[in-house]
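Remarks on the structure that follows.
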Amino acid sequence: MATTKTSSGSLRSYLITRLLLVIPMVWILVTLVFFVLRVVGNPIKSAFGQLPPEEIARREHAAGLDRPLITQYWSYLKNVAHLDFGVALTDHTPISEILRVNGAATLELTFWAVVFALAVGVPLGRIAARHRDRFPDVGLRLFGVLAYAIPVFFLGLLLKLLFSVQLGWLPVSGRASPEVEVAINEVTPNTHLYLINSILYGDNEYIWDVIKHTILPAVALGLLVAGIFLRLVRVNLLQTLRSDYVEAARARGIRERRVVRKHAFKNALIPVITVMGLQIAALLGGAVLTEETFEWQGIGYKLVYYLGRQDYIAVQGIVTAIAVIVALISFLIDVIAAVIDPRVRY
Amino acid sequence: MSVNLPELEGTETALALSGGGRKHSRIPGVDAMRATAGFQRGMLVAGVVIVLFFAVLALFAPWIAPYGFDDDRTADGKVFGRLIAPSSQNWFGTTAGGEDVFSRVVWGAQTALEVILLAVSISIVVGVPLGLVSGYLGGWLDRMLVLVTDALFAFPSLLLAIIVNIAIVGGTSSQVGGILAAAISITVVYVPQYFRVVRNATVAAREEPYVEAARALGAPKYVVMLRYIFGNVVQTVPVIATLNAGDAILTLAGLGFLGYGIEPSAGAEWGHDLSRAVSDTAAGIWWTGLYPGIAIVLIVVGVTLVGESLNDVLNPLLRTAKVSQVVLPERAAEQPE
């Protein structure tokens, strides 16, 4: 999405054009999701198929679902513009509430996953590029392929089998033990971020409990992203190592290790940042599967829950919210890339 | 006298792929094989072997699998029992539903292959022409399509596939319907990719002198597109198709894991089996999840290795130098220094 044309290359005009692109992107996704989900038919009917027809008709009317589709669509668009994503049909939870409570869980999970991925993927990618086609590179490339090929839910299952069932070191699922969960949800302010909550609560054992619950899900999701980072860093560093200025550095007799560290590595990371923006979708898609595997009560877990109950109003709301989040994050990352690298602005 | 000349890197590759100057094979893949060396060739061969293995498994599933995918007893009516550990009767054990895990893994290969072939074919058939027309004609339609594909790109593909799957299925559960529905749901994710690649290549090719010449000769638009541009912009499609196939298997498994895609009664699907296995793991039962999981990993690794090596060969920036032994003619003894 860095191909936006602006008459001048200034940062400001780039940002404005890029921001304006967020709106059609979200609009397209909202429209798509709205109409595709309505193809199935009436949301009330799918959620409460067992009720008598009069009751369904009454609820339809109450929810405004008996209006013409285009009227519903228009009012839905207006609501989304005000960041109002609706209320679940089955249990009347507002989607904004789900975003606040379960969103915190997803944020916690994805944050640690990205930290793990950066800590593992970037250095390994650098090693692979540095030793191109020799043993470390071969091994790491196979690792990269494997990390990509292994579905998060299978990796999660293996991790559980090893660390929870066999060794008994880590818990099987959830975000914290039940009694810990009850206790740390009573702190004020309740951030719904369990690590912060448990620190606020101030019991070391509770903090450790939360950390123990986080390790396996974060590693499962993080490894998927680490594989992507490894490949990105490797390819970009390889291309940078071929450029003339790096060759010039070598020609001056600088040792290869120093060439990689001082001259090539930082420049090779710039395109990686841009591409990382595109991985947000992969990260969130992976989060849905990870949350389902570890019963981690995040947005993805909730989404699957409502999918199972055929509550398509809730599904529509959550998916729309995810679209908004994805668009905003990729905007932010593009901004960061533009600030770092002037070439992106054109 | 023989010396290594690293400067000659890629010459061989360029020749093998350009088709000019050197004899070039009509058998697909042979040129690519010739262009690789060392580790890259190893990757390609390993990938091809794995993919062929699964293809055989899928094609001959009725003969390889000892039981049907949802049989819970032998042909003479002996019930397996639930969650039985691997034994001589059930090599990979049995599931919570009492089915033979080995048979389900074998039948799962067939499901995966069918869905992937369908999904990739549909994606190409829809995406390539769309990209060609959109890129060549340009205008508001082109801009609109680019915006839509950008939006689809940025969105988690699994969620997209789920939503489309909900819309398509709406109650059908016959096997063909299940496989077709799963394939179409996956297609939504990949059409944008073919569209973007072909469209961008078309936009670049549109201004080339040979296309200009065709236009100047009065060739109608469709002739320019089909005869002149098409052949030059589809070259990257096989690589994308291979890489997508691996991704599509993961998407199918993800759909199955979340309870979408293939109906359990319609066919064996690895992702679905894994979702059932999650609850078994807490009790220390490993065989219900391990084998379908390994199957997914293996086939995706195989497909990815093929795609990656093809990509390496076709992308000159990544191509490994193939160092050739060059034999120089004997130097004349009295040559001046």
Once both label points are put 7 Å beyond Cα along the C-beta direction, the A:D91-A:I16 separation in nm becomes 4.6
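With +1 on each Lys and Arg Cβ and -1 on each Asp and Glu Cβ, how big is the dipole of chain A about its Cα centre, in debye rounded to the nearest 20?
Around 2280 debye, computed over chain A.
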Could you give each residue of the stretch B:179-192 its phi-based ³J(HN,Hα) in whole Hz, using Karplus coefficients 6.51, -1.76, 1.60 with θ = phi - 60°, and x for Gly or Pro? 5, 5, 4, 4, 4, 5, 4, 6, 3, 3, 6, 9, 3, x
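Once the other residues with Cβ under 9 Å from the Cβ of A:A129 are scored (Lys, Arg +1; Asp, Glu -1), what is the net sum?
Values: positive: A:R126, A:R130, A:R132, A:R234; negative: A:D137.
Once all neighbours under 9 Å are counted, the net charge is +3.
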Could you line up A:E179, B:E269 from fewest to most neighbouring Cβ atoms inside 10 Å? A:E179, B:E269
Net charge near A:P171: determine it from the other residues with C-beta under 14 Å of the C-beta of A:P171, scoring Lys and Arg +1 and Asp and Glu -1. -2
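Show that you can apply the helix-only estimate: for chain A, add -39,500 (n - 2.57) for every DSSP H stretch of four or more residues, divide by all residues, and state [θ] at 222 nm to the nearest 500. Walk me through the intermediate numbers first.
Details: 14 runs with 246 residues, N = 346.
Rounded to the nearest 500, it is -24000 deg cm²/dmol.
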Fluctuation leader among A:V80, A:V225, A:V233 - chain A, Gaussian network, Cα springs under 10 angstrom: A:V80
Quantify how strongly other chains surround peptide A:281-291 by giving the mean number of their Cβ atoms within 10 Å of each of its Cβ atoms. 4
For A:V87, distant residues with modelled amide H under 5 Å away: A:I95
Percentage relative contact order, the stretch B:31-314, counting C-alpha pairs under 8 Å, at least six apart: 26
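Going through the stretch A:283-346, which GluC sites (Glu not before Pro) have at most 16 other Cβ atoms within 10 Å and a DSSP loop state? Don't skip to the end; give the middle numbers.
On the way: sites: A:E291, A:E292, A:E295; in loops: A:E295.
Those satisfying the criteria are A:E295.
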So how far apart, in nm, are the two label points at A:Q166 and A:Q72 if each is 7 Å from Cα heading toward Cβ? 5.1
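Return A:I340, B:I116 ranked ascending by Cβ neighbour count within 10 Å, so the fewest neighbours appear first. If you can, show how the numbers build up before the last one.
Values: A:I340 14, B:I116 24.
Going from least to most buried by this count: A:I340, B:I116.
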Label B:A282 and B:L141 with points 7 Å out from Cα along Cα→Cβ: what is the distance between them in nm? 5.5
Most fluctuating residue of A:P94, A:P151, A:P53 in a GNM of chain A with Cα springs under 10 Å: which is it? A:P53
Check the straight Cα-Cα distances from A:K266 and name the aspartates and glutamates below 12 Å, setting aside those fewer than 8 residues away within the same chain. A:D341
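Please list the helices of chain A that count as membrane-span-like by this rule: a mean Kyte-Doolittle hydropathy of at least 0.0 together with Cα atoms stretching 15 Å or more along the helix axis, each helix being a complete DSSP H run. Could you put the intermediate results ahead of the total?
Working: long enough: A:11-39 (43 Å, 1.97); A:69-81 (18 Å, 0.17); A:95-130 (48 Å, 1.16); A:135-149 (21 Å, 1.15); A:204-241 (48 Å, 1.10); A:265-294 (38 Å, 1.23); A:312-340 (42 Å, 2.49).
Result, helices passing both filters: A:11-39, A:69-81, A:95-130, A:135-149, A:204-241, A:265-294, A:312-340.
Pairs of Cα atoms under 8 Å, at least six residues apart: use those to get the relative contact order of chain A, whole percent.
Across chain A, relative contact order equals 30 percent.
Apply the a/c threshold of 1.5 to the C-alpha gyration tensor of chain A and tell me whether it is rounded, prolate or oblate. Show your work: numbers first, answer last.
Numbers: a/c = 2.32, a/b = 1.43, b/c = 1.62.
Because a/c hits 1.5 or more and a/b fails to exceed b/c, chain A counts as oblate.
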Subtracting the Cα-Cα distance of A:E179 and A:I23 from 0.36 nm times their residue separation yields 51.8 nm
Order of B:R276, A:R261, B:R104, A:R234 from fewest to most other C-beta atoms within 10 Å? A:R261, B:R276, A:R234, B:R104
Among A:A282, A:A249, A:A128, residue whose mean-square fluctuation peaks in a GNM of chain A (springs only between Cα atoms under 10 Å): A:A249
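A short reminder: the numbers here are calculations on the coordinates, not readings from a lab. These numbers come from a predicted model, not from an experiment. Cβ sites come from the backbone with ideal geometry, for glycine too, and all protein chains shown count toward neighbours.
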